[in-house]
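Enquirer: The following block contains the structure, expressed as structure tokens.
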Amino acid sequence: MNRIDADNKDLYAIADLAKEFGISTRAIRFYESKGLIAPERVGATRVFRRRDRARLILILRGKRLGFSLRDISDYLSLYDADRNQQVNLLAEKVDERIALLERQRDDLETTISELREIKNLADQRVQKAS
DNA sequence: CTTCTTACA
DNA sequence: TGTAAGAA
């Protein structure tokens, strides 16, 4: 929609991507500073191609799933290198993530149970008092 | 008006 | 990451 040039179907300005993905231009520049993306430059202005856009999508998905920019960075770095190693890393990180979430879920359930016990005891005492 | 960099919160 | 400031 807001391509830089109607002829070149895969050039985007930073504002276009920011709007499309609902993030700030600052965030995009931040990801670049962390090495997650490396858009071309026309002078000092960043020019994003489909490749950058695709990586941005992966970055946002990774964040949504709770991965750190570091993890995402490591994963993305392998895109230009060992595609196999990239898959292995992904599997490893996903397992770690799932393990962590399951532990947190267990902790939450334990906490909820304890709170319910306290709640029950409190309710009983209220009954006797009244 | 848009983007860039840099610095500070 | 947001915001601000000054340059391009």
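The values are calculated or read from the model by the stated rules, or taken from the named source; none is laboratory data. All values derive from a computational prediction rather than experimental measurement. Cβ sites come from the backbone with ideal geometry, for glycine too, and all protein chains shown count toward neighbours. Side chains included, ligands, DNA and RNA excluded: accessible areas come from the protein's heavy atoms. Shrake-Rupley method; radii C 1.70, N 1.55, O 1.52, S 1.80 Å.
Enquirer: Put +1 on the Cβ of each Lys and Arg and -1 on the Cβ of each Asp and Glu in the stretch A:66-130; which of A:THR111, A:ALA81, A:VAL126 then has its Cα farthest toward the positive end of the dipole?
Expert: A:VAL126
Enquirer: Relative to the present Cα-Cα distance, how much length would full extension add between A:ASP123 and A:ASP95 at 0.36 nm per residue of separation?
Expert: Numbers: separation 28, 0.36 × 28 = 10.08 nm, distance 4.15 nm.
Answer, rounded to one decimal: 5.9 nm.
Enquirer: Averaged per residue, what accessible surface does chain A expose to a 1.4 Å probe, in Å²?
Expert: 72 Å²
Enquirer: With a 1.4 Å probe and every protein chain kept in, tell me what percent of the accessible surface of chain A is carbon plus sulfur.
Expert: 51 percent
Enquirer: Given chain A, what count of lysine pairs have C-alpha atoms under 26 Å apart, with each pair 8 or more places apart or on different chains?
Expert: Numbers: A:LYS9/A:LYS19; A:LYS19/A:LYS34; A:LYS19/A:LYS63; A:LYS34/A:LYS63; A:LYS34/A:LYS93; A:LYS63/A:LYS93; A:LYS119/A:LYS128.
Lysine pairs, 8 or more places apart or on different chains, close enough: 7.
Enquirer: May I pose another question? Which whole-angstrom value gives the distance between the alpha carbon centres of the stretch A:46-115 and the stretch A:18-35?
Expert: What the calculation gives is 18 Å, centre to centre.
Enquirer: Another question about this same structure. Along the Cα-to-C-beta direction of A:ASN88, a point sits 7 Å from the Cα; which residues of the stretch A:40-81 have their amide N less than 17 Å from that point?
Expert: Backbone N within reach: A:74-81.
Enquirer: Mean residue ellipticity at 222 nm from the helices of chain A, using -39,500 (n - 2.57) per DSSP H segment of n ≥ 4 over the full residue count, to the nearest 500 deg cm²/dmol?
Expert: Details: 5 runs with 88 residues, N = 130.
Taken over chain A, the calculation gives -23000 deg cm²/dmol.
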